[in-house]
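Here's the structure, in structure tokens; my notes come after.
The values are calculated or read from the model by the stated rules, or taken from the named source; none is laboratory data. A quick note: this is a predicted structure, and the numbers were derived from the prediction, not measured. Here the Cβ positions follow ideal geometry from the backbone for every residue, glycine too, while neighbour counts run over all protein chains shown. Areas reflect the complete protein model, heavy atoms only, side chains present, ligands, DNA and RNA absent. Shrake-Rupley method; radii C 1.70, N 1.55, O 1.52, S 1.80 Å.
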Amino acid sequence: MAEPAPHGGDGEEAAAAPQRKKRRVAGGERHVPPPRRLRSGVSFGAEHFAETSCYVEGGLRKVRPYYFDFRTYCKGRWVGRSLAHVLGAEFRARPLAAFRAAARAGRLLLNEEPVRDLDTVLKNNDLLRNTVHRHEPPVTAQPIQILVENDEVVVVDKPSSLPVHPCGRFRHNTVIFILGKEHNLKELHTIHRLDRMTSGVLMFAKTAEVSKRIDEQVRQRQLEKEYVCRVVGEFPENEVVCEEPILVVSYKVGVCRVDPKGKSCKTIFQRLSYNGETSVVRCLPYTGRTHQIRVHLQYLGYPIVNDPIYNMKAWGPERGKGGKIDKTDDELLEALVEEHRSKQSLDVLGISEEDWDPSADKVCGNLGDCRESIDPVNGNFCPAEDTKDPERGKTPVDFQSCDTNLGTLENNKETSSCEGLDGSVGEEDAEEKDPLCLECQITRRDPSPRELVMYLHALRYKGAGFEYCSKMPPWAMEDWRE
């Protein structure tokens, strides 16, 4: 599992403890230091918030590109393999030449020492660090509304398109970072999560004790959850119950489907209104599977109107109704990505061209295996860019000639990537491009604010001793028209 650098001075600890003797190693053998202990209660603080700044443009909240260290300990499957082999096999977003250029620039470290030779054979407990120029997708500029704040909880109305916590390509454009950075609400405990494209009631606990108490209600299924959505067509007037099992197709893209091998789940639906074209539906999920409401509605033949995954042509003429797909999982994923690629809307899926690889989920094997690479402070997968780069041929980068620009760039890193904590509003400043950054070579179309809204909203959460509600969204009004 990846690990943040510990706070506090190593020098202070060394002064308090007797000096240890250096370990003797055989001639030519490479010494690997023991792994550092993870600190309990890891949280995000000022040092993380100061990595960059945000601004609002065209109804979008944007993050200025910044430098970031991805760190991970050597996985068991890497032991005995060369660094070049591991980088080439599992970090395919970049050609090996890019890693060689990063090593020459001092951005690729092994046990905090610059990598001199990519043929170095990896050992157990080796710590890898790679400094990258990081770009985050834009999200809606709609502010987070705080519904309740007391000694125990913080409850917010989350806008659509915002992830709850750092994941994938998102870090500063997340609820956790915005609450900490702009509302001074830090060290919050996540009680439950909402999909990135789902808006509505989101609860955080202020203490571990409160988190444990409410989490127990969640585990015992004592928490009542109510959602509203707008679906295609005329939904049945009578109550509809769906208990089809759900299977994850891809963790990376975030796609699920009904399958007998999936996990059991149950959702109750009740139509609230119908405007002649679309219906507003009340949803009561009794379980909390990934994309449960969206997948069940697709299966019933009433997908959410603007669902960027489950109401797409890639599922076939019936859009997945009744579980009819007529594609393998790989074919389905490829078709979904291609459909968004043709619309230049991959950011709506939370991925970029560099992220996409049909075999990406197979590299990790399963989510548990991927999770061992998550840094609790850096909040990301430490092989963050582990897929091949379809844009490589379109935007060639001469990594040999990049070195000439690195001196000036490294000197400007501290000032160019951090402009304060106020989330300033205004036009994007002219920013110096990083010669080693593939993303800097690509011009992308911004999504419209409308593309970042999905008609699914968490309306109410009720448990023992509490009930939190948000307002009905505008698109859920009976007389609403697209």
* Report yes if Val231 is in contact with a Ser or Thr (Cβ under 9 Å, 6 or more places away or on another chain) and either at pLDDT below 95 or hydrophobic (A, V, I, L, M, F, W, C) (or both), otherwise no. => yes
* Asked: Which numbered condition trips up His340, out of (1) open to solvent by less than 20 Å² (accessible area, probe 1.4 Å); (2) modelled with pLDDT of 90 or more; (3) in contact with a Pro (Cβ under 9 Å, 6 or more places away or on another chain)?
  -> (2)
* Structure fact -> The one condition Ile293 fails out of (1) more than 22 Å from the chain's Cα centre (by Cα); (2) at pLDDT 95 or above is (1)
* Is there a residue in the range 172-185 that is assigned to a loop (DSSP other than H, G, I, E, B), open to solvent by 10 Å² or more (accessible area, probe 1.4 Å), in contact with a Leu (Cβ under 8 Å, 6 or more places away or on another chain) and within 25 Å of Arg61 (Cβ to Cβ)? -> yes
* Asked: How many residues are under 19 Å from Thr198 (Cβ atoms) and surrounded by fewer than 15 Cβ atoms within 10 Å (Cβ to Cβ) if we restrict to the range 463-481?
  -> 4
* Structure fact -> In the range 306-337, anything open to solvent by less than 30 Å² (accessible area, probe 1.4 Å) and on the phi > 0 side of the Ramachandran plot is listed as Gly316, Gly320
* Total residues in the range 251-280, condition in a strand (DSSP E or B) and farther than 18 Å from Lys324 by Cα -> 12
* Determine, yes or no, whether Val210 is of a type in the set (A, V, I, L, M, F, W, C), surrounded by 20 or more Cβ atoms within 10 Å (Cβ to Cβ) and farther than 30 Å from Gly76 by Cα. => no
* Structure fact -> Those strands (runs of 3 or more DSSP E) completely within the range 30-95 that have 2 or more residues that are of a type in the set (Ser, Thr, Tyr) are 66-73
* Number of positions in the range 135-161 that are among the acidic types (Asp, Glu) and assigned to a strand (DSSP E or B) -> 2
* Would you call Val132 surrounded by 15 or more Cβ atoms within 10 Å (Cβ to Cβ) and either in a strand (DSSP E or B) or free of Cβ contacts under 8 Å to residues at least 24 places away in the same chain (or both)? -> yes
* Asked: Which of the residues spanning the range 91-120 are of a type outside the set (Gly, Ala, Ser) and closer than 19 Å to Glu439 by Cα?
  -> Phe91, Arg92, Arg94, Pro95, Leu96, Phe99, Arg100, Arg107, Leu108
* To do: Could you list all residues from the range 286-305 that are closer than 28 Å to Pro449 by Cβ and either β-branched (Val, Ile, Thr) or surrounded by fewer than 19 Cβ atoms within 10 Å (Cβ to Cβ) (or both)?
  => Thr290, Ile293, Val295, Ile304, Val305
* Filter result for the condition that a residue is surrounded by fewer than 23 Cβ atoms within 10 Å (Cβ to Cβ) and not in a loop (DSSP other than H, G, I, E, B), over Val218, Val201, Val231, Val164 -> Val218
* To do: Determine, yes or no, whether Arg129 is basic (Lys, Arg) and within 17 Å of Tyr67 (Cα to Cα).
  => yes
* Among all residue pairs at least 6 apart or on different chains, which show Cβ distances below 6 Å where the first residue, located in the range 179-194, is within 18 Å of Thr287 (Cβ to Cβ) and the second is assigned to a strand (DSSP E or B)? -> Ile191/Met203; Ile191/Ala205; Leu194/Lys158; Leu194/Leu202; Leu194/Ala458
* **Among (1) at pLDDT below 95; (2) within 30 Å of His189 (Cα to Cα) - the single one Gln19 does not satisfy** => (2)
